[in-house]
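Worksheet for the structure shown next.
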Amino acid sequence: MTRADLDAQLRQQVRYCLTSPFYRRRFEELGISPDSVRTLDDLNQLPILVSPPEHRRLQDATLERDGQPFGDFLCVDPAQVVSVSSTSGTTGTPVLYPFTASDVAITNETWARAFRFIGLRPGDGMIVGFGLSMYLAGVPLVRAGEAFGLRTVAVGAESGTSKLLRMLAVMRPRVLACTPSFAEHLIERAPECLGRSAASLGVEVILCAGEPGAGLPAVRQKLSDGWGGARVHDVLGGVHGVINASCASEDYAGMHVLAPDHCVTTQLVDPATKEGLTVTDGTIGERVKTALTWQAAPPLRYSVGDMYQVFTETCRCGVPGERIKVIGRIDDLLIVKGVKVYPAAVKDVVASFVPQLTGELRIVLNNPPPRVVPPLRVTVEAGVGVPAERHDELAGRLADAMHQRLAIRPQLTVVPAGTFERSSHKAKLIEVAGG
């Protein structure tokens, strides 16, 4: 699709969005004429129109007033909503994502692009170990896998570690789909649950999503080694036509944007001023997305607070087009003596010490982020079999590595392997004392 085609699709989508009361109201409040948004460049001049707090407020308002929980930026009759996914709701009311039949088809199509891109083929077996209950990488992924022709086994994280490992041993799928932290946990538990290693189960491809671990070199290497040389792919998508996937490049080069015809995902704003940024190779900013084909409740200049790095140069794998790297969430940013640090960067340094460390960690704060009264306190697990008398030495070496790579010198504590509870969902890296 050419740039002119994308601009035409944007104009059509803006007109479509203005059939909803919310978008009409917002354009009027801001004094924006719909006719002024004619190109993607024009789009980048608009402010953020929707964010999760506003999304929740809209949901609550229409539920109270109209008996439907999708907000008044829903652009279809609620009777046309055939499926709903949501966020976890751990930080408030879950944000709902409604799908029409057309939206389901778009999701199936975009996931199919990712499947082909990472080398999957109809007939491959895939065990889905993401949470199935309402999550975007749950039922929508299962549905898309079946539509593509994968032999999809929806075990789900809710089934627990032992059952998922037993199903892996019985089904012998080519593909495992789960969070990076759960894939790490399965490596640890396989000998206990099955009497054999995860590397012996024949998994060739690990499809990771939900957290930035698969984009961290040390974590990728740990996963590949633990699963017998499996290829690890970082994938992001599931709603609004968003789909991105990392290539097979030995060095992580970000996720290739695979559906620019369905959703604008590489427009960035300054996280402090919210002003649009001119994107060149390597630009970092807060991602703002706009769906170009979504029907139900299409996002138009919507931000969930993710920080992206966008790459515009051709990837070393030879595939042209934009790529993105998820840096972290704005609300996870830590500022230590003026130095900005994301938990994912801390995890990458810790993971580089495996097997001397397990790779598990907790960042302990006295107050909610971003500002941290130094030193930053980090607790990590020693590797299996590492004696207690080595803990101080490991703490010193890890502190030196963080100082060299992140420009901070944390207060490190090393605890025995197995101290931290493992999760089948997203790993919790930050703990706020008393929170």
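The values are calculated or read from the model by the stated rules, or taken from the named source; none is laboratory data. Only a predicted model underlies this, so the values are computations on that prediction, with no experimental measurement involved. Cβ: placed from backbone, ideal geometry, glycine included. Neighbour counts: every protein chain shown. To get the accessible areas, we keep the full protein, side chains included, count just its heavy atoms, and leave off ligands, DNA and RNA. Shrake-Rupley method; radii C 1.70, N 1.55, O 1.52, S 1.80 Å.
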Completion exercise
Whole-percent carbon and sulfur contribution to the accessible surface of the range 1-153 (1.4 Å, no ligands, DNA or RNA) stands at 52 percent
Completion exercise
Which of [x] 27, 59, 14, 0; [y] 25, 57, 18, 0; [z] 25, 52, 18, 4, 1 is the computed P(r) over Cα pairs in 20 Å bins from 0, in percent? It is [y]
Problem - Spatially close lysines, pair count over the chain: Cα under 25 Å, gap of eight or more or interchain - result: 24
Problem - Rounded to the nearest 20 debye, dipole of the range 147-284 from Cβ charges on Lys, Arg, Asp, Glu - result: 740 debye
Completion exercise
To the nearest 10 degrees, the tilt of helix 161-171 (Cα long axis) against the first principal axis of the alpha carbons of the chain is 80 degrees
Handout entry: Net lengthening on full extension, VAL432/GLN45 (0.36 nm per residue, minus Cα-Cα)
Key = 135.6 nm
Handout entry: Computed [θ] at 222 nm, helices only, for the chain once each DSSP H run of length n ≥ 4 contributes -39500 (n - 2.57)
Key = -9500 deg cm²/dmol
Practice task
Towards the positive end of the charge dipole of the range 239-359, with charges on Cβ (+1 Lys, Arg; -1 Asp, Glu), say which of VAL279, LEU300, VAL310 has the farthest Cα.
Solution key: LEU300
Practice task
Only Lys, Arg, Asp and Glu count, each charged at its Cβ (+1, +1, -1, -1), so figure out the dipole size of the chain about its Cα centre, rounded to 20 debye.
Solution key: 500 debye
Exercise for the section: Quote the FRET efficiency, to the nearest 0.05, computed for ALA105 versus ARG371 with a Förster distance R0 of 51 Å and r equal to the Cβ-Cβ distance. Expected result: 0.65
Handout entry: Share, in percent, of DSSP beta bridges within the chain that are antiparallel, nearest 5
Key = 60 percent
Practice task
Can you grab the distance from the C-alpha centre of the range 1-64 to the C-alpha centre of the range 226-253, Å, no decimals?
Solution key: 30 Å
Fill in the blank from the handout: Out of VAL81, THR62, PRO47 - ranked by how far each Cα lies towards the positive end of the dipole of the range 46-87, with unit charges on the beta-carbon of charged residues - the top one is PRO47
Exercise for the section: For THR283 and ARG397, compute 0.36 nm times the residue count separating them, minus their Cα-Cα distance, and round to one decimal in nm. Expected result: 37.8 nm
Exercise for the section: Place the peptides 303-311, 146-154 in order of packing, highest mean first, counting for every residue the other Cβ atoms within 10 Å and averaging per peptide. Expected result: 303-311, 146-154
